[in-house]
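Colleague: What follows is a structure written as structure tokens; I'll ask about it next.
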Amino acid sequence: MIELHTAATGNGRRPVIMLEECGVPYILHRIDLAKGEQKKAGYLALNPLGAIPTMIDKDGPGGHKLVLTQSAAMLLYLAEKTGRFLPRDGMKRALAYQWLMHVMSDSQAFSGVHFVLGALPEKPEAAMAHLLKRMNEYFSFADRRLGEAEYLAGELSLADLALYPLADRRRDLIERSGGLANLKRWMSAMAARPGVARAMRVLS
Ligand SMILES: N[C@@H](CCC(=O)N[C@@H](CS)C(=O)NCC(=O)O)C(=O)O
């Protein structure tokens, strides 16, 4: 059985969406970030960075226990384990990797830094505005792609499952843009998926 320690953030929802979409049973442990539960000794033994999510698969490769601490690694691991959401077609699979990396190392990274700066007592307004501008550019980039194809890799893949929780978290920014019609269409389609909807409810 898989156990997941997580919270209702973009990174935290990512593996819940994947587990629900793959139909893999799991036990959810909620971590209260505001109370600092991610920095308690017991949790640090699992995830030395003191961050969520952390996934434990007692039935990992070779029957060994596996502990994973990066949300995108969890998506790749579960895609391999279940055979879901990794396109069989080599071209689409390469695009799925490209979009997954874009989501994580561009969009999600900028969003994360924006969040951290916003929590500082003296918010650096210019830096935060710059990060929002870059996030808008990244959402426009995804919007252009979603104008050419229904899903980022040309078929539903782990790249879409990676982007959705971030887009949901940044819904206000997307709404305020006044455009991004393709991204909004895709968000509605993603939200209507039963697995995605269950995952969003589980951590509401
Ligand atoms: N790259 C990591 C990011 C993990 C991360 O930054 N988690 C945040 C919540 S979204 C966290 O736990 N922050 C609490 C802290 O750093 O104290 C992933 O994708 O899993």
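The values are calculated or read from the model by the stated rules, or taken from the named source; none is laboratory data. On a predicted model such as this, the values are computed, not experimentally measured, just so you know. All Cβ positions, glycine included, derive from the backbone under ideal geometry; neighbour counts span all protein chains shown.
Colleague: Give the residue, chosen from 63, 118, 147, that is more than 21 Å from residue 15 (Cβ to Cβ), surrounded by fewer than 20 Cβ atoms within 10 Å (Cβ to Cβ) and in the same structural domain as residue 21 (by TED's automatic domain parsing).
Modeller: Just a single option satisfies the conditions, and that option is 63.
Colleague: Looking at region 26-123, what helices (runs of 4 or more DSSP H) fall wholly within it and have at least 3 residues that are away from the ligand (no atom under 16 Å from the Cβ) and of a type outside the set (Val, Ile, Thr)?
Modeller: In region 26-123, the matching helices (runs of 4 or more DSSP H) lie at 90-102.
Colleague: Quick one: which of 140, 177, 188 is surrounded by fewer than 13 Cβ atoms within 10 Å (Cβ to Cβ), more than 16 Å from the chain's Cα centre (by Cα) and among the hydroxyl-bearing types (Ser, Thr, Tyr)?
Modeller: Exactly one of 140, 177, 188 is surrounded by fewer than 13 Cβ atoms within 10 Å (Cβ to Cβ), more than 16 Å from the chain's Cα centre (by Cα) and among the hydroxyl-bearing types (Ser, Thr, Tyr), namely 188.
Colleague: Just name the residue that is farthest from residue 197 (Cα to Cα) out of those in region 129-166 that are of a type in the set (A, V, I, L, M, F, W, C) and free of Cβ contacts under 8 Å to residues at least 12 places away in the same chain.
Modeller: Residue satisfying both the conditions and the ranking: 129.
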